[in-house]
Amino acid sequence: MSGTLKIDPGKVLSGRAEIASAAEVRPVPGVAGADPAGAAPVRILLVEDSPDDAELVLFELRSTPFEIVSKRVDSENGFIDALLMWRPDVILCDYTLPGFDAPQALDILEKTQLDIPFIVVSGAVSEEVMATLQRGATDYLLKRNLTRLPRALENALAQARARDEKLAAEAAYRVADLQRRSILNTLNTRIALLDGSGAILATNREWVLGEWAQPLPEMGSNYLDFVRIAIPPWNVPGESIPERIQAVLNGGGRPFSFEYEDFTGGTRKWYLIHVLPLEDNERGAVVRQDDVTDRMLSHVALQTAIERQSELSRKHIAVQENERRALSLELHDEVGQSLSALKANLLRLADHVPEAQQTALADCLAASEAALSRVHKLSQSLHPHQLEQFGLMEALRWLVDRQTGATGMRIELRAESMPGDLPKFLQTSCFRLAQEALTNVQRHAQAQSASIAVKVSGRLLQLSIKDDGKGFDLATEYDRAASGGSLGLLGMQERAQLAGGQLRIRTHPGQGTTITAIFPLSDEQNPDEKVGAQQVTSAQ
């Protein structure tokens, strides 16, 4: 349900009276010494009409590693008042109370727009209880088995903190992106950002709409090609202009400026171009092009905005990966163990179930095994443990084996001259790119075979995914993505860029597809630390 919660003042006053008479705020001490010094107590709202059941809940909460303050209510009025006036951190709600139940409480919580974990405590499992999870409940527990309550409470609080951190990171990212665009667009001069190859990654409004005699290359085209064609080919001593720009793009050249004369459209113009490298050893450059009468504006602010955007983007991806890791562990540790216990209990029943019910027991065993297998696959898909424990190559081997088993397609994995230790963020980026690429091959390519190649050459790491499928028209796919269609290719490009690299796609209808991601290695990555070339081939 949606809408704005309307509060009856009479109900609020009545709710306050009920709270005052039915339950008081009660502290529940946690494990001694476990709670961080100065940490605020966790406020728990118990929606429970049975004082005895509430006591059992509070007793189980004594093993939590933090101090708890609880409040009990047993009516809709008291629940509304507690939400608005007391602002609990967690809600533990009995499914059914006289004249009030958990679904109604969830509806009220949704209308308040408060993000508070909501755990249902029920006397029995039913479809109605399970439905509360789809309506927004965080978890559910059985009254006859409250041993999991402390863990469920800690998980709910951890998920709430993760959501808060994600929202903060996303808000900061949006602010930084807006600042970068605002800074670029307020500059009364032409500005473009180039990647390591010279391709134009971003431009400001003046670059696109400014009244200039000479048309400039569009975003996505190569600025070096423009320089070679549009600028008179005179040489700076010892080097040509394109070579000096390329040196800056590669991170080895110093900032420089040069002037050139232009007669486009019969109008004589002199332009001054400044070429400045990106900082922090990233490949790429900022190009500023304006009339010689203009002055460079806000360069320091521009660089700061670029650095902040890159850092916040990396944090945004880190938050996503942490969420995947937490959910993967939750599936493996909680759901997986519960399914394993269920399967073991079913096996123990095999010798005691009448022959007439053996078929039903076998079906239950098959269902539990299928669910356990599915949970394991989901856990691995969210965050493969091989990537965390053994690194990129083991994770790619697992990915190849899984895709081969699922599709029957022959997939080859090759690695050449791999460094002994790659940064975690780079390994994660390479794995996610390979995972997305193989998923696209499985869904769309109709391919018979595919290959993944990882290669290090000098200070560059190259990841290539190739298939022999039906291919596609790249321009059409980008138009479809821009109009709200699939964002797979754009997402892969963004991930590669946030990791400091670039993504190239080579495809044509009927000729397969090759996706190549190139990443620079930092100074800490010693190219001489190599492991032997590896080749793994998997087939159905």
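The values are calculated or read from the model by the stated rules, or taken from the named source; none is laboratory data. Just so you know, these numbers come straight off a predicted model, no measurement behind them. Note: ideal-geometry Cβ built from the backbone for every residue, glycine included; neighbour counts use all protein chains shown.
Being under 30 Å from residue 521 (Cβ atoms) and in contact with a helix residue (DSSP H, G or I) (Cβ under 7 Å, 6 or more places away or on another chain) is the filter here, so list the residues in the stretch 404-417 that pass it. 411, 413, 415, listed by residue number. Of everything listed in (1) of a type in the set (Asp, Glu); (2) more than 26 Å from residue 78 (Cα to Cα); (3) assigned by TED's automatic domain parsing to the domain that holds residue 45; (4) in contact (Cβ under 8 Å) with a residue 24 or more places away in the chain, the single unmet condition for residue 127 is (4). Against the numbered list (1) at pLDDT 75 or above; (2) closer than 28 Å to residue 520 by Cβ, residue 252 comes up short only at (1). If you go through the stretch 133-158 and keep only what is in a helix (DSSP H, G or I), buried (at least 18 other Cβ atoms within 10 Å of the Cβ) and under 22 Å from the mean Cα position of the chain (by Cα), you end up with 155, 156.
Evaluation of residue 356 against the conditions (1) modelled with pLDDT under 75; (2) surrounded by 13 or more Cβ atoms within 10 Å (Cβ to Cβ) shows that the sole unmet condition is (2). Among the residues of the stretch 384-418, the one identified as in a strand (DSSP E or B), surrounded by fewer than 18 Cβ atoms within 10 Å (Cβ to Cβ) and modelled with pLDDT under 80 is 416. Among the residues of the stretch 201-242, which ones are at pLDDT below 75, among the small types (Gly, Ala, Ser) and either farther than 18 Å from residue 290 by Cβ or outside the structural domain of residue 253 (by TED's automatic domain parsing) (or both)? Passing the criteria: only 238.
Looking only at residues in the stretch 104-130 that are out of contact with any Lys or Arg (no Cβ under 8 Å at 6 or more places or on another chain) and of a type in the set (Ser, Thr, Tyr), the one that is farthest from residue 149 (Cα to Cα) is 112.
Out of the residues in the stretch 440-477 that are of a type outside the set (Lys, Arg) and free of Cβ contacts under 8 Å to residues at least 12 places away in the same chain, which is surrounded by the most Cβ atoms within 10 Å (Cβ to Cβ)?
476
Of the strands (runs of 3 or more DSSP E) lying entirely inside the stretch 26-132, those carrying at least 1 residues that are at pLDDT 90 or above and touching a Gly at 6+ places or on another chain (Cβ under 8 Å) are 68-73, 118-122.
Among residues of the stretch 75-111 being under 16 Å from residue 57 (Cβ atoms) and more than 37 Å from the chain's Cα centre (by Cα), the one that is surrounded by the fewest Cβ atoms within 10 Å (Cβ to Cβ) is 96.
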